[in-house]
Ligand SMILES: NC(=O)c1ccc[n+]([C@@H]2O[C@H](COP(=O)([O-])OP(=O)(O)OC[C@H]3O[C@@H](n4cnc5c(N)ncnc54)[C@H](O)[C@@H]3O)[C@@H](O)[C@H]2O)c1
Ligand SMILES: [Zn+2]
C-alpha cells in the first residue's frame, strides 16, 4: 500500500478592516501582481457602489469586470453560479484574478463559492454592504448556494484574503435590513458576551436608525466574537455550532413561511423559543428570558408573531436541521445571557419534541 501524506495546511490569517471610508484603502489588501479584478455584486448594489469602485480601481490601472446578479435569496443558486463562471471564462480570466464580493450575504456566499472552485480556487475579498454580512456572513469562510432541496446545501469553506467593512455603505440600508442584521449580532452576544449584549440592548433604537458610531461598536464586538470562534473551530466541528443558536427553530420557521420572512426575524423568534427551551430545561432563569423578550420587543419582534404558524409544521421542519441525527433534533441552549450550555465538549443537545412543543405554545401565548 502507498500512503499519500499531505503536509498540514499552514495556518492562515486575514485582516478585517472596519470603519468609515476604509474601502479607499482596498489596494493594500489585493495580492501582489493583481491585474484582473471581478466585482461580483447584485443589481441594487451595482448602482449604489460597484460602478464607483470600478472607476476608482480602473484609474489605478486594474482591469475590471463587473458581474451583477439579481438581488435576493432566489438568485443564490446553481444557474447564477454557472452564469458568473461562464462570464469569467469567456473573459479568459486566469488564476491570478481576484474576486471582490461586494454586497450582502447572498453575494458574499455565491461569490465566495465561485472563488473556491474557479480554476480550483482563486483569491477573493469580502466587501459586505449589509449589516448582516458585516457582522456574520462575510467572516469565517463559509460559502455556498441553495438548491430546491434546501438552503446552503452546496458550498465550500474558502477564506477571503480580507474583509473590508466600509461603514458608510450602511447609510442606504433600509431599517428592516438593519434590524435583520442586528439580530445576528444579538445572537453572537447572547451566546458569548453579556457586556456586549447589555450595550446593544441599551442602544437598539439608535442602531435601528443607523447611527454609525453605535453600529461601529456593535459590528466590532460581533466580529471579534465570530473571528475568535472561527479561529478555534473553522469547520464547525464543535464550538462554531453555538452560532446556530436560534437557527433550528428559525430555519424551520423560514421553511414553513416559504422564505417570506426575513432570516433575522425568523431567527429572533427562534431565539425566543430556544431560550424558552433553555429555561424549561432548568438552565436559563425566567429573569434572563424576560430580558431577552423585552429586547426583541424594542425591535418590534413579539412572540405573538409565532401564532401565524402551525406549530406541528414547525416541529416537522426542525427535522431538516443540519445538527439533527435521524429524528433526534439537537439544540444550542443558553446557560445564561452571554454563555451557552456545554456538557463534555458537546454544544448541541437533544431536546424532545414535547419540550419543543411546550416552548412553542408558551412563547406564542397559545
Ligand atoms: N456564510 C455565512 O456564514 C452566512 C451567515 C449568515 C447568513 N448567510 C447568508 O446570507 C444571506 C443573507 O444576507 P443579507 O441579509 O445580507 O441579504 P442580501 O444579500 O439579499 O441583501 C439584502 C438586500 O439588501 C440590498 N442591499 C445590500 N446592500 C445594500 C445597501 N448598502 N444599501 C441598500 N440596499 C442594500 C440587496 O440588494 C438585497 O436586496 C443568506 O443567503 C444567508 O444564507 C451566510
Ligand atoms: Zn443566521
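The values are calculated or read from the model by the stated rules, or taken from the named source; none is laboratory data. Bear in mind that the values here come from a model prediction, so they are computed numbers and not experimental data. Backbone-built Cβ (ideal geometry, glycine too); neighbour counts: all protein chains shown.
Points worth noting:
- Residues in the stretch 303-336 that are assigned to a strand (DSSP E or B) and more than 13 Å from residue 356 (Cα to Cα): 325, 334, 335, 336.
- Residue check for residue 46: part of a helix (DSSP H, G or I), without any contact (Cβ under 8 Å) to a residue 24 or more places away in the chain, within 16 Å of ligand 1 (Cβ to nearest atom) and within 23 Å of the chain's Cα centre (by Cα): yes
- Residues that are in contact (Cβ under 8 Å) with a residue 60 or more places away in the chain, closer than 22 Å to residue 141 by Cα and loosely packed, with under 10 Cβ neighbours inside 10 Å within the stretch 3-25 comprise just one, 12.
- Residue 235 meets each of the listed conditions (1) farther than 21 Å from residue 208 by Cβ; (2) more than 10 Å from ligand 2 (Cβ to nearest atom); (3) part of a helix (DSSP H, G or I) apart from (3).
- Residue in the stretch 62-69 that is in contact (Cβ under 8 Å) with a residue 60 or more places away in the chain, surrounded by 13 or more Cβ atoms within 10 Å (Cβ to Cβ) and not in a helix (DSSP H, G or I) present: no
- The requirement of being within 7 Å of ligand 1 (Cβ to nearest atom) and assigned to a helix (DSSP H, G or I) is fulfilled nowhere in the stretch 196-203; no residue meets it.
- Residue count, the stretch 79-122 (criterion: more than 16 Å from residue 67 (Cβ to Cβ) and crowded, with 21+ Cβ neighbours inside 10 Å): 1
- Residues that are at pLDDT below 95 and away from ligand 2 (no atom under 16 Å from the Cβ) are absent from the stretch 86-102.
- Qualifying residue in the stretch 156-170 (condition: within 16 Å of ligand 2 (Cβ to nearest atom) and either surrounded by fewer than 24 Cβ atoms within 10 Å (Cβ to Cβ) or under 23 Å from residue 340 (Cβ atoms) (or both)): no
- Selected residue [surrounded by fewer than 16 Cβ atoms within 10 Å (Cβ to Cβ) and under 22 Å from residue 94 (Cα atoms)] from 28, 43: 28
- Residue in the stretch 241-262 that is at pLDDT 95 or above, touching a strand residue (DSSP E or B) at 6+ places or on another chain (Cβ under 7 Å), within 16 Å of ligand 1 (Cβ to nearest atom) and not in a helix (DSSP H, G or I) present: yes
- Every residue from the stretch 129-145 that is within 14 Å of ligand 2 (Cβ to nearest atom) and either closer than 19 Å to residue 20 by Cα or outside any loop (DSSP other than H, G, I, E, B) (or both): 130, 131, 132, 133, 134, 135, 136, 137, 138, 139, 142, 144
- Residue within the stretch 125-145 that is over 27 Å from residue 253 (Cβ atoms), touching a residue at least 40 places away in the same chain (Cβ under 8 Å) and buried (at least 22 other Cβ atoms within 10 Å of the Cβ) present: yes
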